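These notes are about the structure you will find just below.
The values are calculated or read from the model by the stated rules, or taken from the named source; none is laboratory data. A quick note: this is a predicted structure, and the numbers were derived from the prediction, not measured. Cβ atoms come from the backbone with ideal geometry, glycine included; neighbour counts cover every protein chain shown. Side chains are part of the model used for accessible areas, which takes the heavy atoms of the whole protein and leaves out ligands, DNA and RNA. Shrake-Rupley method; radii C 1.70, N 1.55, O 1.52, S 1.80 Å.
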Amino acid sequence: MAYFAACVSSAKSKSQKNVGTWDWFQNPFLNPREFNGLRVMMSLLNNWDLKAINNSVYEIDGERRYVVSDVGATFGKTGSPLTRSKSDLKGFEESKFIVKEKGGFVDFAMHSRPPLIAAVNVSNYETRTRMEKVTQHIPREDARWLGERLSHLSGEQIRDCFRSAGYTADEVEEYARIIKDRIAALNAL
């Protein structure tokens, strides 16, 4: 059986063995609701660095776990190398979350493509452009399902996440408010 998760800690179990990486477009989870929920979570967090190298496959006691192992490029603004940010409260607050709803599908904001002039590095340009597709064309019901699950988190639990990451008291309150607003937007789909 295989599992996936977003990790914010690099703590490893002694029985954990890194057996490789996984790709957003070639993995055992292409259609299930839980995988689509993970795709929505990347947008909810504004994770703009969705390269396969940031996704690990661990084996623990004979069980494979598919993990988003690097979520450092979050809670800021998505965009090109000139405009994106990390842990940027104002950028996170001003970022669009839901871009489009059409035909039972939702597209979430993810800007990762560099400016056209950067296309001289064709590989990077293609990789960054492809990343934007991770948060697009997600079934509305799957996005709403995640919103319903996240709505069970209390305000205190959400604030605890930001407190434990070392944000100031004011930042904790603002980040928690934005997350709650995004969860409400998912539930309103």
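Could you tell me which of Ser15, Ala184, Phe29 has its Cα farthest along the dipole of the chain towards the positive end, charges placed at Cβ (Lys, Arg +1; Asp, Glu -1), taken about the Cα centre?
Phe29
Take each of the peptides 158-170, 76-88, average the number of other beta-carbon atoms within 10 Å over its residues, and list them starting from the highest. Don't skip to the end; give the middle numbers.
Details: 158-170: 14.1, 76-88: 16.9.
Top of the packing list down: 76-88, 158-170.
How large is the convex hull of the C-alpha atoms of the stretch 28-99 per residue, in Å³?
Expressed per residue, the convex hull around the Cα atoms of the stretch 28-99 is 107 Å³.
Label-point separation (nm) for Asp160 and Glu93, each offset 7 Å from Cα along Cα-to-Cβ?
In this crude spin-label approximation the distance works out to 2.6 nm.
To the nearest 20 Debye, how big is the dipole of the stretch 27-119 about its Cα centre, given +1 on the beta carbon of each Lys and Arg and -1 on that of each Asp and Glu? Don't skip to the answer; put the middle values down first.
Values: 13 positive and 11 negative charges, 75 e Å.
The dipole magnitude comes to about 360 debye.
Taking 0.36 nm per intervening residue step and subtracting the Cα-Cα distance, what contour gain separates Asp23 from Phe105 on full extension? Provide the component values of the computation, followed by the final result.
On the way: separation 82, 0.36 × 82 = 29.52 nm, distance 2.18 nm.
Roughly 27.3 nm would be gained on extension.
Expressed as a rounded percentage, what relative contact order does the stretch 20-106 have, with Cα pairs under 8 Å and six or more residues apart? Don't jump to the answer; show the numbers that get you there.
Values: 107 pairs, mean separation 19.4, N = 87.
This gives 22 percent for the stretch 20-106.
Mind checking the per residue accessible area of the chain for me, 1.4 Å probe, whole number of Å²? Working shown, then result.
Details: 10340 Å² over 189 residues.
The answer is 55 Å² per residue.
How large is the dipole of the chain about the Cα centre if only Lys and Arg carry +1 and Asp and Glu carry -1, each at its Cβ, rounded to the nearest 20 debye?
My answer is approximately 360 debye.
I'd like the carbon and sulfur percentage of the solvent accessible area for the chain, probe radius 1.4 Å, heavy atoms only, ligands and nucleic acids excluded. Working shown, then result.
Values: 5310 of 10340 Å².
Of all accessible area on the chain, carbon and sulfur atoms account for 51 percent.
Per q in 0.15 1/Å, what log10 I(q)/I(0) does a Debye calculation on the alpha-carbon atoms of the chain return?
Summing over Cα pairs of the chain leads to -0.96.
Once R0 is set to 30 Å, what does the formula 1/(1 + (r/R0)^6) return for the Cβ-Cβ distance between Leu82 and Ser15, expressed as a FRET efficiency to the nearest 0.05?
Numbers: r = 43 Å, r/R0 = 1.44.
Efficiency, rounded to the nearest 0.05: 0.10.
Starting from the Cα of His152, step 7 Å toward the Cβ, then list every residue of the stretch 17-50 with an amide N under 15 Å from that point.
It comes to 34, nothing else.
Tell me the relative contact order for the stretch 36-81 as a rounded percent, counting alpha carbon contacts under 8 Å between residues six or more apart.
Numbers: 43 pairs, mean separation 18.7, N = 46.
Value for the stretch 36-81: 41 percent.
Can you give the % of DSSP beta bridges in the chain that are antiparallel, to the nearest 5?
Working: 17 of 22 bridges.
Beta bridges within the chain, antiparallel portion: roughly 75 percent.
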